[in-house]
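Taking it in order: structure first as structure tokens, then the write-up.
Read-outs throughout are calculated quantities, based only on the coordinates presented, and are distinct from any laboratory measurement. Quantities reported herein were computed from a predicted structural model and do not represent experimental measurements. Cβ sites come from the backbone with ideal geometry, for glycine too, and all protein chains shown count toward neighbours.
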Amino acid sequence: MRIFKLLGFLFISFLYIACGSGNQKPSSLFEINLEGNTETVHQNEVLGIGIKNVKNKEITNVDYTIDNEKLEITENKMKFQVTKLRNKVIKATIR
């Protein structure tokens with residue numbers, strides 16, 4: 001009976017460890033890279049933008065947003081046009 005309990009415990013432990021590796025934070029898989037002066041950005045400034053694929057995952061499409069407004073990207077460049085300039089966070093949706 002003890003051996004069945006031990007085998008059951010080991011099976012559940014291995015299952016838990018195996019399933020846990022798929023729940024990685026997106027920040028550990030990808031990084032957003034900006035080219036040029038990224039400390040202070042002015043209205044209508046053009047910045048280069050890209051994704052660094054840390055774990056070599058498949059990427060089919062990337063959409064960038066600031067304040068839930070989609071950014072238009074042309075040739076990996078974006079024109080920085082937002083209504084209010086302050087500290088902003090660029091988010092990438094990767095598919």
Restricting attention to region 49-68, and to residues there that are surrounded by 13 or more Cβ atoms within 10 Å (Cβ to Cβ) and in contact with a Leu (Cβ under 9 Å, 6 or more places away or on another chain), which single residue is nearest to V89 (Cα to Cα)?
T65
On the basis of being outside any loop (DSSP other than H, G, I, E, B) and either within 19 Å of T38 (Cα to Cα) or polar (S, T, N, Q) (or both), does K91 make the cut?
yes
Out of everything in region 70-95 that is under 17 Å from the mean Cα position of the chain (by Cα), among the charged types (D, E, K, R) and under 23 Å from T40 (Cβ atoms), what residue ends up being surrounded by the most Cβ atoms within 10 Å (Cβ to Cβ)?
K91
